[in-house]
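The values are calculated or read from the model by the stated rules, or taken from the named source; none is laboratory data. What you see is a predicted model; the values in this text were computed from it and never measured. All Cβ positions, glycine included, derive from the backbone under ideal geometry; neighbour counts span all protein chains shown.
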């Protein structure tokens, strides 16, 4: 099996990418290229949120404010989650997440020793922890932070690799 984002392939962030015809799907006329580019990452977020079982009124903590993380915050909002905290190490990504889907954001440290799950709970007033935590980073310290931030009986989904 070959995957386009691992050696010897350097990823797919390019203008053109050649692949077998049977892997391609023609976009309908009413779908722009920009919208078409979001189909795959949005499908990842929808699958992740459905897997977690996010429900109306739930609290969600998303670690990572990249494209997948922001979409993993937008989908719970559409599902009716009342609290959505997004944490990242880059303020500009948090600003976008806040304007797009998050109810709260938290600028966290890149230092794993400083990253504590219980610290972020106060940002979203979830002293008992979050019902759902989604890690979109794949970083070990973020995974530990997410698990520590869960409420008793909460659900953790690892989407970042």
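Table: residues versus (1) surrounded by 13 or more Cβ atoms within 10 Å (Cβ to Cβ); (2) within 25 Å of residue 47 (Cβ to Cβ); (3) modelled with pLDDT of 95 or more.
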residue: 82; (1), (2), (3): yes, yes, yes
residue: 87; (1), (2), (3): yes, yes, no
residue: 101; (1), (2), (3): yes, yes, yes
residue: 115; (1), (2), (3): yes, no, no
residue: 123; (1), (2), (3): yes, no, no
residue: 127; (1), (2), (3): no, no, no
residue: 130; (1), (2), (3): yes, yes, no
residue: 137; (1), (2), (3): yes, yes, no
Could you grab me the full set of residues in segment 68-80 that are crowded, with 19+ Cβ neighbours inside 10 Å and either outside any helix (DSSP H, G or I) or under 10 Å from the mean Cα position of the chain (by Cα) (or both)? 68, 69, 70, 71, 72, 73, 74, 75
Do you know which of the residues in segment 38-50 that are surrounded by 13 or more Cβ atoms within 10 Å (Cβ to Cβ) and either touching a strand residue (DSSP E or B) at 6+ places or on another chain (Cβ under 8 Å) or over 17 Å from residue 158 (Cα atoms) (or both) is modelled with the lowest pLDDT? 38
Just one listed residue, out of 58, 69, 53, is in contact (Cβ under 8 Å) with a residue 12 or more places away in the chain and on the phi > 0 side of the Ramachandran plot, and it is 53
Mind listing just one residue for me: the one in segment 143-157 that is surrounded by fewer than 17 Cβ atoms within 10 Å (Cβ to Cβ) and either touching a helix residue (DSSP H, G or I) at 6+ places or on another chain (Cβ under 7 Å) or in a helix (DSSP H, G or I) (or both) and, of those, modelled with the highest pLDDT? 156
